[in-house]
Amino acid sequence: MADLFSLILMIIGSVFMLLAAIGVVRMPDLYLRMSATSKAATLGVICVMLAAALHFNDFAITARVIAIIVFLVLTAPVAAHKIARAAYLAGPGLWPGTRCDELEGRYDHDKQELTGVAAHARPDTRAVAPPGNSTPGA
């Protein structure tokens, strides 16, 4: 039974890694390619690692697999964010079909830091009275 679950996890992991590879080839710009690889490939590797832990059924291997999974979950999003930030500064450009650039007008390229919320993206910060209470202090 463990071999069957191991096989299923191995196939699922392989499919996710294949989808990540297809995403790298098919996506139109760097940011979408990174999204495909950082999510699908990480999930694929996690499934393959779980399949290895099930197949070998050894505490030492399972402990290593858990350490690898924790390492991947902690480092993959950080690495993708850092690469995307460096790419945004280098300026390879967004895909022309991109609808929203949330950093446009908010990023100071000289200081390499966010300068604040853009005027068009500011949330409404007015105080709202709780429902059913129309007067303050009543």
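The values are calculated or read from the model by the stated rules, or taken from the named source; none is laboratory data. Remember, predicted model here, so these are calculated numbers, not experimental data. As a convention, Cβ positions derive from the backbone with ideal geometry for all residues, glycine included, and neighbour counts pool all protein chains shown. Areas reflect the complete protein model, heavy atoms only, side chains present, ligands, DNA and RNA absent. Shrake-Rupley method; radii C 1.70, N 1.55, O 1.52, S 1.80 Å.
Structural remarks
- Pair list, Cβ under 7 Å, 6 or more apart: region 56-83 residue within 20 Å of S38 (Cβ to Cβ), other residue among the polar types (S, T, N, Q): L72/T42; A76/S38; A76/T42; P77/S38; A80/S38
- In this structure, D29 does satisfy being open to solvent by less than 30 Å² (accessible area, probe 1.4 Å) and among the charged types (D, E, K, R).
- Any hit, region 15-24, residues being within 21 Å of the chain's Cα centre (by Cα) and open to solvent by 90 Å² or more (accessible area, probe 1.4 Å): yes
- Scanning region 89-112 for residues that are surrounded by 11 or more Cβ atoms within 10 Å (Cβ to Cβ) and in contact (Cβ under 8 Å) with a residue 40 or more places away in the chain, we see that the one that is nearest to M27 (Cα to Cα) is W95.
- Some residue of region 63-86 being out of contact with any Ser or Thr (no Cβ under 7 Å at 6 or more places or on another chain), part of a loop (DSSP other than H, G, I, E, B) and of a type outside the set (S, T, N, Q): no
- Verdict on M10 being part of a helix (DSSP H, G or I), open to solvent by less than 80 Å² (accessible area, probe 1.4 Å), at pLDDT 95 or above and not small (G, A, S): yes
- Residue check, T37 at pLDDT 90 or above, assigned to a helix (DSSP H, G or I) and within 30 Å of L89 (Cβ to Cβ): no
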